[in-house]
Amino acid sequence: MDKIIISTSENIKSEIFIEDDLRNTFQEYLEDKKYFLITNTKLAKLYPGFIYKFNKNRVIIIKDGEKYKNIKTFEYIINKLLEQKIERKDSIIAFGGGVVGDLAGYVASSVLRGVELIQMPTTLLAMCDSAIGGKTGFNSKYGKNLIGSFYCANKILIDPQLLNTLNIYQFKCGLGEVLKYAFIEKSCNKFSEFNLIDFLKENQKEDLKNQLKFIIKACVSLKANVVTNDRLEGDLRKILNFGHTYAHPFEALSNYKGLSHGEAVAHGIKYASKLAMIKGIINEDYYNQIVLLLKKYELINKKLKFKKEEVVKLMMHDKKVENSKINLLLPIAPSEVALFDNIDSPSIEASLL
Ligand code: GLY
């Protein structure tokens, strides 16, 4: 069993356990109190044995999909909890991917002004990224994750075997984030020895399914180090957004269909790296290594058909824009990135050619 701890200067602690079969042994990590389970319709069908371990009045099942990550589902969950007279000493368990985890996390941070939260992520993306570090929330018609809070789960129970039921689309969603961690590894922790770039070079896509524990442990450890030092996203935590400033317009322009989040991030990493090469920040050799790795894991083989002007326009509406200059994370050396605050639209357009 692997155990990783996030422990911040404000005394916020998250214990993360990575162990096969946790979906069956999780009760060993719980206390003698009331637990409310939040999950979705798909997982309820896939894991009935897990769901039946909870009192049925305390199981809340929401619809599956990003489009349900909204205020209506938030209200639905809150009403169910209040109907069942949740108390402050009770606990919420989020069993699901990013939608369930983010929504349940926000519910836990707000119902009765906060109850204990336990995350049990079921997707690669949630295990490696979204369930760690306390970003919670839901989407509004004005954009993604615009309502939310920072609220760390007390415990995060990760069972890599849950990924056996993951489809290729969901796997790629997570894989994009795994590659992101490879390219930011030394910025997350300069002493890190996971050497994710080498690991991804040495392995083949088909091998990854047998190496999930190592991959999850590496990403979680890197993120835990970042969150321990900068939970509220002062400066350091921003590095976790590598590739995302390009990815958000790509996802929006494809109406969040067809292009997975991981693929959008991978394309974002490619264009940010191209910009770094154009500006002479990295050499052509490192740029080619990045592109080769993204291609090897089949994350950038879909051709994006967006007009570069449209991408730039959306990027310029981003909250990271000041005086028409955008803040962008660029690679500066193998496994290292840095934030540049003076990128103008012609440079972005040039990277998209
Ligand atoms: N997924 C980025 C973060 O947690 O900060």
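The values are calculated or read from the model by the stated rules, or taken from the named source; none is laboratory data. A quick note: this is a predicted structure, and the numbers were derived from the prediction, not measured. Quick reminder, even Gly has a Cβ in these numbers, built from the backbone with ideal geometry, and neighbours come from all protein chains shown. Side chains are part of the model used for accessible areas, which takes the heavy atoms of the whole protein and leaves out ligands, DNA and RNA. Shrake-Rupley method; radii C 1.70, N 1.55, O 1.52, S 1.80 Å.
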Any idea how many residues of segment 22-49 are outside any helix (DSSP H, G or I) and either hydroxyl-bearing (Ser, Thr, Tyr) or closer than 12 Å to Phe95 by Cβ (or both)? 7
Condition first: in contact with a Lys or Arg (Cβ under 9 Å, 6 or more places away or on another chain), within 16 Å of the ligand (Cβ to nearest atom) and under 25 Å from Ile5 (Cα atoms). Now tell me which residues in segment 128-157 satisfy that. Cys128, Asp129, Ile132, Gly133, Gly134, Gly137, Gly148, Ser149, Phe150, Tyr151, Cys152
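Got a sec? Which of Tyr256, Tyr271 is closer than 26 Å to Val226 by Cα and open to solvent by 20 Å² or more (accessible area, probe 1.4 Å)?
Values: Tyr256 fails: closer than 26 Å to Val226 by Cα.
Matching residue, one of Tyr256, Tyr271: Tyr271.
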Under 9 Å by Cβ, and 6 or more places apart or on different chains, what pairs join a residue from segment 138-160 that is without any contact (Cβ under 8 Å) to a residue 40 or more places away in the chain with one that is buried (at least 19 other Cβ atoms within 10 Å of the Cβ) and in a strand (DSSP E or B)? Leu146/Gly137; Leu146/Phe138; Leu146/Asn139
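Give segment 194-223 a look and list any residue that's among the polar types (S, T, N, Q), surrounded by 13 or more Cβ atoms within 10 Å (Cβ to Cβ) and assigned to a helix (DSSP H, G or I), or say none.
Residues satisfying the conditions are Gln211, Ser221.
So, of the residues in segment 66-88 that are in a helix (DSSP H, G or I) and within 23 Å of the chain's Cα centre (by Cα), which turns out to be nearest to Ser130 (Cα to Cα)? Full working, then the answer.
Just the residues of segment 66-88 that are in a helix (DSSP H, G or I), to begin with: 66-68, 71-83.
Still in the running and within 23 Å of the chain's Cα centre (by Cα): 66-68, 71-74, 77.
On the way: Glu66: 14, Lys67: 17, Tyr68: 17, Ile71: 19, Lys72: 21, Thr73: 19, Phe74: 18, Ile77: 20 Å.
Once the filter is applied, the top-ranked residue is Glu66.
Just give me the residues in segment 226-239 being within 15 Å of the chain's Cα centre (by Cα) and open to solvent by 10 Å² or more (accessible area, probe 1.4 Å), in sequence order.
Our first condition is that a residue be within 15 Å of the chain's Cα centre (by Cα); within segment 226-239, this holds for 226-227, 231, 233, 237-239.
Hits for segment 226-239 are Arg231, Glu233, Lys238, Ile239.
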Condition first: away from the ligand (no atom under 16 Å from the Cβ) and aromatic (Phe, Trp, Tyr). Now tell me which residues in segment 229-279 satisfy that. Phe250, Tyr256, Tyr271
With respect to Tyr142, is the statement that it is under 16 Å from the mean Cα position of the chain (by Cα) and farther than 25 Å from Leu117 by Cα true? no
